[in-house]
Amino acid sequence: IFASLNEDYDFRSWFESIPDERDVYVNWNGDGTLGAVLILKPNEAEPIGKKPELGKRDRMKICTLKVASHRRGSKIGELLVSIAIREAVQHELEEIYLTHYITEDDYLVQLISKYGFRRASQTASSETIFVKRLTPGPGDDPDPPEVHIRFYPSFYDGPCVSKYLVPTQPKFHGRLFPTYQNRQPKLTEFSGQLLSEGNAIKKAYLTHANIRQIESDDILLFYRTHDHMEVTSLGVCEQVEYEMTEAEAVQELVGKRSVFTEREIAKMVESPTTVI
């Protein structure tokens with residue numbers, strides 16, 4: 001997993017030179033090798049960037065975010081991004097940043113760009129600096145769709161959007177929302193396969209409910225039925241498609257973000273299905 005890192009950095013020397021303890025989140029493959037690693041440094045108060053200089057302020061630094069190529073289908077990259085954001089929230093930090101040498105068809109750039117990381121500067125060694133804010137800053141006036149993309153996990157709550165209660169059975173709820181009960185599971189608790197729908201920040205919800213009012217940017221309040229009977233999680237509707245009846249089209253839309261298998265989806269769309 002460190003082969004590509006070593007092309008740009010003397011990673012071992014850097015790691016051994018770290019003067020303080022840091023949280024490192026890792027996922028192990030079944031053969032004992034690393035499948036993913038995330039190294040964070042909170043409260044780094046120093047100027048960053050040269051072109052332009054971004055000034056000194058407290059930030060969360062992502063020192064290393066790396067996923068082995070064969071693990072990328074598991075959405076573990078999104079899980080690492082969400083962990084970094086949760087850590088920033090817990091440390092009451094408004095900004096997260098990382099430095100990166102951009103390559104062609106860059107997996108990391110594609111991943112972080114979906115969740116508000118923007119190119120902000122360059123280092124003296126020509127690394128690109130990506131910065132993400134968790135809330136709108138001075139001069140920002142985002143419209144509702146922009147809020148939950150640029151400033152995730154912030155979201156717009158106002159007269160432009162509606163709210164809907166989304167019932168979720170316990171057997172599916174646990175797979176979609178593994179952080180339920182205010183608990184962030186450590187990657188070291190897992191070995192081998194991870195549930196892609198649980199790792200994913202963006203999730204897919206399929207239903208036969210007779211509702212046609214949900215629109216993009218509406219707020220979804222997920223309600224765990226049967227046992228705990230409580231609202232547990234909040235989401236923002238990015239896209240909704242009504243009366244879908246073609247399994248292939250649904251599978252292409254939801255990818256690995258749904259709790260249902262391809263066979264279950266094929267059975268489900270025998271009746272018109274709403275995909276959120």
Problem - Residue list for region 243-276, restricted to those being open to solvent by 30 Å² or more (accessible area, probe 1.4 Å) and among the small types (Gly, Ala, Ser) - result: 247, 249, 255, 266, 271
Problem - Selection status of residue 102, out of contact with any Asp or Glu (no Cβ under 7 Å at 6 or more places or on another chain), under 24 Å from residue 121 (Cβ atoms) and not in a strand (DSSP E or B) - result: yes
Problem - Selection from region 70-94 of residues that are touching a residue at least 12 places away in the same chain (Cβ under 8 Å), of a type in the set (Asp, Glu) and outside any helix (DSSP H, G or I) - result: 94
Problem - Hey, residue 229 among the hydrophobic types (A, V, I, L, M, F, W, C) and open to solvent by less than 40 Å² (accessible area, probe 1.4 Å) or not - result: no
Practice task
Kindly indicate the residue of region 197-224 that is open to solvent by less than 20 Å² (accessible area, probe 1.4 Å) and more than 23 Å from residue 243 (Cα to Cα) and also farthest from the chain's Cα centre (by Cα) among those meeting that condition.
Solution key: 198
Practice task
Go through the residues of region 52-62 one by one and say whether even a single one is modelled with pLDDT under 80, open to solvent by less than 40 Å² (accessible area, probe 1.4 Å) and either farther than 23 Å from residue 91 by Cα or in contact with a strand residue (DSSP E or B) (Cβ under 8 Å, 6 or more places away or on another chain) (or both).
Solution key: no
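Filter region 41-51 down to residues that are free of Cβ contacts under 8 Å to residues at least 24 places away in the same chain and in contact with an Asp or Glu (Cβ under 7 Å, 6 or more places away or on another chain) and give me whichever is most open to solvent (accessible area, probe 1.4 Å). Don't jump to the end; show me each part of the working.
Filtering region 41-51 for residues free of Cβ contacts under 8 Å to residues at least 24 places away in the same chain gives 41, 44-47.
With the extra rule that they be in contact with an Asp or Glu (Cβ under 7 Å, 6 or more places away or on another chain), the set shrinks to 45, 47.
Details: 45: 44, 47: 70 Å².
So, considering only residues that are free of Cβ contacts under 8 Å to residues at least 24 places away in the same chain and in contact with an Asp or Glu (Cβ under 7 Å, 6 or more places away or on another chain), the one most open to solvent (accessible area, probe 1.4 Å) is 47.
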Exercise for the section: Look through region 171-191, keep the residues that are loosely packed, with under 14 Cβ neighbours inside 10 Å and assigned to a helix (DSSP H, G or I), and return whichever of them is modelled with the highest pLDDT. Expected result: 171
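Residue by residue through region 21-40, note down the ones that are modelled with pLDDT of 90 or more and either open to solvent by 50 Å² or more (accessible area, probe 1.4 Å) or in contact with a Gly (Cβ under 9 Å, 6 or more places away or on another chain) (or both).
Initial filter on region 21-40 (modelled with pLDDT of 90 or more): 25-26, 36-40.
Passing the criteria: 26, 36.
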Problem - Among (1) open to solvent by 70 Å² or more (accessible area, probe 1.4 Å); (2) farther than 21 Å from residue 81 by Cβ; (3) at pLDDT 90 or above - the single one residue 240 does not satisfy - result: (1)
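Filter region 1-15 down to the residues that are among the hydrophobic types (A, V, I, L, M, F, W, C) and either touching a residue at least 60 places away in the same chain (Cβ under 8 Å) or open to solvent by 80 Å² or more (accessible area, probe 1.4 Å) (or both) and list them by number. Don't jump to the end; show me each part of the working.
If we filter region 1-15 for residues that are among the hydrophobic types (A, V, I, L, M, F, W, C), which is where we start, we get 1-3, 5, 11, 14-15.
Answer for region 1-15, where residues must be among the hydrophobic types (A, V, I, L, M, F, W, C) and either touching a residue at least 60 places away in the same chain (Cβ under 8 Å) or open to solvent by 80 Å² or more (accessible area, probe 1.4 Å) (or both): 1, 2, 5, 14, 15.
The values are calculated or read from the model by the stated rules, or taken from the named source; none is laboratory data. Here the structure is a predicted model, which is why all the values come from computation and not from measurement. No Cβ is skipped: glycine too gets one built from the backbone with ideal geometry, and neighbour counts run over all protein chains shown. Heavy atoms of the whole protein, side chains included, go into the accessibility calculation; ligands, DNA and RNA do not. Shrake-Rupley method; radii C 1.70, N 1.55, O 1.52, S 1.80 Å.
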